[in-house]
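The values are calculated or read from the model by the stated rules, or taken from the named source; none is laboratory data. Not measured: the values here are computed from a predicted model. Every residue, glycine among them, receives a Cβ derived from its backbone with ideal geometry; neighbour counts consider all protein chains shown.
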Amino acid sequence: MAATQDTIDRIAEVSGAYKYGFVTEIESEKAPKGLNEDIIRFISAKKAEPEWLLDWRLKAYRFWLTMSEPDWAKVGYPPIDYQDAYYYAAPKSKDDAPKSLDEVDPELLRTYEKLGIPLREQEMLAGVAVDAVFDSVSVATTYKKKLEEMGVIFCSISEAVRRYPDLIQKYLGSIVPYSDNFFATLNSAVFTDGSFVYVPKGLRCPMELSTYFRINERDTGQFERTLIIADAGSYVSYLEGCTAPQRDENQLHAAVVELVALDDAEIKYSTVQNWYPGDAEGKGGIYNFVTKRGACRGRNSKISWTQVETGSAVTWKYPSCVLQGDNSVGEFYSVAITNNAQQADTGTKMIHIGKNTRSRIISKGISAGRADQTYRGLVRMMPKAEGARNYTQCDSLLIGDRCGAHTVPYIESRNPTAQVEHEATTSRISDDQLFYCLQRGIPEEDAVALIVNGFCKEVLQTLPMEFAVEAQKLVGISLEGSVG
Amino acid sequence: MALLDIKDLHATVEDDTKAILKGISLTIKPGEVHAVMGPNGAGKSTLSNVIAGRPGYTVTGGSITYDGQDLLAMEADERARAGVFLAFQYPVEIPGVATATFLKTALNARRKANGEPEIEALDFMKMMKANAKRLGVPDDMLKRPVNVGFSGGEKKRAEVLQMAMLEPRLCVLDETDSGLDIDALKVVADGVNALRTPERGMLVITHYQRLLNYIVPDVVHVLAGGRIVKSGDRTLAEELEAKGYGAFTEATAA
Amino acid sequence: MTQTRMTDPTRAETTTEMSPLAPDPGALAADEPGWLADLRRAGLSVYRARGLPTVKVEAWKYTNLAGLKKIPFVLDDGSLPAAAGRGALALALADAHEITLVNGRPVAVPDSLPAGVRVVSLAHLLETEPAAVEPHLGRLADLSDAPMGSLNAALMADGVVIQVDAGVALDRPLHLVTVTAAPDQARHMHPRHLVILGEGADATLVESRVTAAGAAETLSNAVTEIRLEARARLRHLRFVNPGPDAVDLDLTEAVLAEQAHYEAFGLTLGGRLVRNESRVRLRGSGADARLHGAYGLRAGQHADTTLIVDHAVPDTTSDQLYKGVVDEGGKGVFQGKVIVRRDAQRSDGNQLHKALLLSRNAEVYTKPELEIYADDVKCSHGATAGEMDMDQLFYLMARGLAEADARALLVEAFLDDVVESVPEGPVRDAFLSAVRAWQAGRHAVTWEGSA
């Protein structure tokens, strides 16, 4: 309830500007521009990685050289020069990694405070542990100790490579193989950091785990890799947020997220993606080309993706569930807002392999300005998916007559006992709804934000409380200038 | 000073040259309740929509002055924040937006425009619950999305609840009695009567005299063919009921 | 797909398919008018550039033509005698003007047609009166993205031209019985039809696509171009029931002017590999297209329905409704697309596909697509796939029906639901009987599996 008013305040507060568009002046260490085997060796050496991981990276890189960029998505952008970017940028610090927050550059801490993510534990929202990734590296993980006492591992993936090599070797690339797709393969070659989570058997992780990604440096690509393992009977809720400074040039973000849920385990993964979308003319902004996939390996396991996508110039993203275990459940809740010149091609894949697997897809797309948005989804019922069920609801809202909203579902049924149901609608905010709000004294932009928040409610209410409020505000901010 | 002063108002539906309102004049002083009665197609809804500033109508002549301001120069939301409230004949559904959220947003929009701070959450809840109770609006309705799945009676009660919460200076009730059974009509009328104050004016638009048994007007206007053909006190409504609109519309044609 | 290419596609299909289908440019007829030669050359160059579509081509993702390369097809040369005859499996329509085609060439045309209606052979017209064909042929259909349609342009030899003058309403349906025949050797053929209805004209066109008994493999790759002038109405009802060795590819492109109505129904029960692709362009306000259909598939059958409705101007409406029943070893594909162009405000486009999978190894692939660039529109789509409703089945069995009978009843009811929407009474009855006959064929097989 309060959030609606907050939306209005926030709109007034930022008045059209991208709030997170500041640049942090901080000394950083960068590898030379460009991509080649030496750079990959440099990254691997910088992180003191074992031989097998370097080999894996190189294998990915060599495979990547044989691939071509996917061209099937309904997005267009000028060719990316992969040699004209830094593949490693890290805030300079005395050691490889800070041992505690006291060692973290105060400028960095201030950056996160500006973003609304205080890293100092005493200032933190109760019950949320944060891993902060700044450009290429993880700069701080909070509540680490407390989590460790319970057996939860929550650290940067670089640290996990050093401390938990067995887990990494077992799971890294096991859900998204290095050869998966152009961007995931690139990520496999050059990933620099990201978060790692392991929740032990039977534990219900008592706090939300959160990673906050921030691209700061110019000409930097961000290639983080996240791996979450929920062991049998465990539960974890994980939040991811992203911002970037306002820059005229485009920056590439090609992340990979892998989730594994074993027997009776549940992972809830929420994203509020607010990378810089470029200016109203479409100049600048992040290319968000992300591969996210969860494997419900165990029986009765569950993976739930919730995403609120408001940022980025171009989004290419399909968080997916591979439902292997019998009775496993996959969910995808999405709100995607594109305004001005933004383009998004996003959706999900639900691959039903096991018996009685269930999936549910709720997608709400809002397109405004000159933006183009596509829902692209795959529901595949494999021959052994006895009694499987899918329900998909895809609604698009158009604001103005210069934008586009498209729906491209692929539904593949290869088992007669599997039921698939798909519904989609395309509409606009009705004049009657808008006038009703105006007549109650609500200004037009606020009215649009209110109605759109209502349109998205089913998705927004699946977010953890702290994020839901943030997300509601974002809905309003993202649509600024879309009416009138 | 008059609260609402309509002078020789002419209006058409957008993209159409056919006049719907052909010279309406009426003046409502603070504390007065005026009823506008008329047959279908007389221009009743056009009048309420033009006052509220609904897009799709073109004012081709005349003026509306509200509390000394040129109402026609104001946007619909400005009019609302200035205290003009329209109780809709067909309140629209807004899926996903809880009634309480909607009300709070509307209330704060007005407070903000007046340079007042936002209402405290607790005060808002107290105020809403008190009003809801008086109007027989159950708590669960406040949590439900605006008008979604509401029955005809619930929708009208919710409109009056909003009116009570937003404390307008001028209330325009557009066929608030339509679709109500007699019990619901009484509840709604009681709610409206409770809002009659010496400062507040009301324009009650209706097809039937029935509503005016419960909301007793100070002045009754008969609207036919886009013009006010007769004005009088409450007995005019009874006369209408007895004679039918025919007698009056013929008079206009003549 | 209409996306912008972002990188230089190293896999640009510049390789020529070395299949028997690949035509030799020298084979193109030499003594034709220049515009026709140009049309053939353009078709050939598209086909040579793109080749036989593979499943990597989005529009052919679920229909694999690779098997065609293994069949030693020869191009039909029109040498078969007319006596190859009317296929026994064609619809029985007593009261219709019947036109019989063998391998795409008209062999019997009705001798008496109402004034203002013309039905002639395309080859004949090209020879005697090319100017009558030139404004339409290849002008209605944009085949630049359609390799098979382009191949048709390169190789088309004959077909039917149907013209109905302005204001003329045809008294009885035209019934096109197209028979494919290959008594000696596998044959491929490329029929090309033109249907032109003048302003306010009204006609029903029925097609029966069947195969002569004892045929080797046949590949029919047809293109039909339809133009409906203002207020014209065409009911286009197709029964696709070729033999088990028939590959039947059809691409129909219809262009509608103001207030024109195109009401199509496709019933597919036969063939090894069938693709019915319809592209309807709503170019005049008030234009309306209704594309309905049903299919029933068994072992070894693959049927692909690909529909594109393009709302190019404001105030146009369309409705797609298809239902399919797929039995063991059958494969159904439905790709439906609604495009609403920028400024095509107040368009109303709906799409629904429902599939019933009757047993193991039945497969259905659905891709219902919306591409919307205007905001004041009402568009929706729905798709379902799954097995028979067990509650309904149980209900019928509880009333004493044997399981096989109960299932048969439910399958029929499922298909009849859409077949009932066929606008022409006698054709509807013929379609309903065809569904009955198809269903009766099921009883030979035992029910298994899903219960």
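Could you say whether any residue in the stretch A:439-453 is part of a loop (DSSP other than H, G, I, E, B), of a type outside the set (Ser, Thr, Tyr) and either more than 9 Å from every other protein chain (Cβ to nearest Cβ) or touching a His at 6+ places or on another chain (Cβ under 6 Å) (or both)? For the stretch A:439-453, residues part of a loop (DSSP other than H, G, I, E, B), of a type outside the set (Ser, Thr, Tyr) and either more than 9 Å from every other protein chain (Cβ to nearest Cβ) or touching a His at 6+ places or on another chain (Cβ under 6 Å) (or both): absent. Going residue by residue through the stretch C:386-395, is there one that turns out to be facing another protein chain (nearest Cβ under 7 Å) and modelled with pLDDT of 90 or more? Yes, the stretch C:386-395 contains a residue that is facing another protein chain (nearest Cβ under 7 Å) and modelled with pLDDT of 90 or more.
Taken as a whole, the stretch C:153-164 holds at least one residue that is over 25 Å from C:THR218 (Cβ atoms) and modelled with pLDDT of 90 or more. In the stretch A:73-105, what residues are surrounded by 13 or more Cβ atoms within 10 Å (Cβ to Cβ) and at pLDDT 85 or above? Residues satisfying the conditions are A:ALA73, A:LYS74, A:VAL75, A:GLY76, A:TYR77, A:ILE80, A:TYR82.
Test C:SER359 against the criterion of being over 27 Å from A:ARG428 (Cα atoms), modelled with pLDDT under 95 and either within 7 Å of chain A (Cβ to nearest Cβ) or in contact with a Phe, Trp or Tyr (Cβ under 6 Å, 6 or more places away or on another chain) (or both), and give yes or no. The answer is yes for C:SER359. The residues on offer are B:GLU175, B:GLU159, and the sole one that is within 14 Å of chain A (Cβ to nearest Cβ), crowded, with 18+ Cβ neighbours inside 10 Å, touching a residue at least 60 places away in the same chain (Cβ under 8 Å) and of a type in the set (Asp, Glu) is B:GLU159. Put simply, of B:GLY23, B:GLY43, B:GLY96, B:GLY56 the only residue that is surrounded by fewer than 17 Cβ atoms within 10 Å (Cβ to Cβ) and either at the interface with chain A (Cβ under 7 Å from one of its Cβ atoms) or out of contact with any helix residue (DSSP H, G or I) (no Cβ under 8 Å at 6 or more places or on another chain) (or both) is B:GLY23. Please state which one of C:LEU352, C:LEU401, C:LEU370 is surrounded by 14 or more Cβ atoms within 10 Å (Cβ to Cβ) and over 19 Å from C:ALA289 (Cα atoms). It is C:LEU401.
Of the residues C:VAL377, C:VAL364, C:VAL333, C:VAL338, which is crowded, with 22+ Cβ neighbours inside 10 Å, within 7 Å of chain A (Cβ to nearest Cβ) and under 21 Å from C:ASN276 (Cβ atoms)?
Exactly one residue qualifies, and that residue is C:VAL364.
Evaluate the stretch A:226-243: report whether one residue or more is in a loop (DSSP other than H, G, I, E, B) and at pLDDT below 95. Within the stretch A:226-243 (the criterion being in a loop (DSSP other than H, G, I, E, B) and at pLDDT below 95), the answer is no, since none of the residues qualifies.
When we screen B:ILE64, B:ILE28 for residues that are under 24 Å from B:GLN209 (Cβ atoms), away from every other protein chain (no Cβ under 14 Å) and at pLDDT 95 or above, the only hit is B:ILE28.
The stretch A:387-429 holds strands (runs of 3 or more DSSP E) entirely within its bounds, and those carrying 3 or more residues that are within 7 Å of another protein chain (Cβ to nearest Cβ), surrounded by fewer than 21 Cβ atoms within 10 Å (Cβ to Cβ) and modelled with pLDDT under 95 map to A:419-428.
Summed over the stretch A:374-386, the residues that are over 21 Å from the mean Cα position of the chain (by Cα), more than 10 Å from every other protein chain (Cβ to nearest Cβ) and not basic (Lys, Arg) give a count of 2. B:ALA109 falls short on exactly one of the conditions (1) away from chain A (no Cβ under 12 Å); (2) in a helix (DSSP H, G or I), and that condition is (1). Against the test of being of a type in the set (A, V, I, L, M) and touching a His at 6+ places or on another chain (Cβ under 6 Å), the options A:LEU323, A:LEU378 yield a single qualifying residue, A:LEU323.
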